[in-house]
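Rule-based calculations on the coordinates, nothing more; no lab input. Bear in mind that the values here come from a model prediction, so they are computed numbers and not experimental data. So basically every Cβ, Gly included, is an ideal-geometry build from the backbone, and we count neighbours across all protein chains shown.
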Amino acid sequence: MTNVEKLKNLGILGAVRQRLGANGQSDDVYDEDINQMDNSKLIEQWCAWHLGDGSWWTDMKYKFDKLVDMDSHS
């Protein structure tokens, strides 16, 4: 499954496309770029579209990973 297909299934493809500069949710000009991104970069782009800054994802992921780590040491 390509990243474009995965994002479409999640319902966030249009937001990621627009964050990258597409002229609308159905504009597929950036799909090849999307298919080359790793999962973290994909979610960073989505966060940037909705929250105004991709660094939200980095901070949230770090905190989530720390919580998981704390659970595994309990």
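Defining a contact as two alpha carbons under 8 Å apart and six or more residues distant in sequence, what relative contact order in percent does the stretch 3-72 show? Present the calculation step by step, with values, prior to reporting the outcome.
Details: 59 pairs, mean separation 16.9, N = 70.
It rounds to 24 percent for the stretch 3-72.
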Folded to 0 to 90 degrees: helix 39-51 orientation relative to the chain principal axis, Cα: 80
Candidates LEU20, LEU42, LEU51, ranked by Gaussian network fluctuation over the chain, Cα under 10 Å, top entry: LEU51
Two-site label geometry, ASP59 and ASP27: point separation in nm, points 7 Å out along Cα→Cβ: 2.9
Sum of side-chain charges, ILE34 neighbourhood, beta-carbon under 13 Å (Lys, Arg +1; Asp, Glu -1): -3
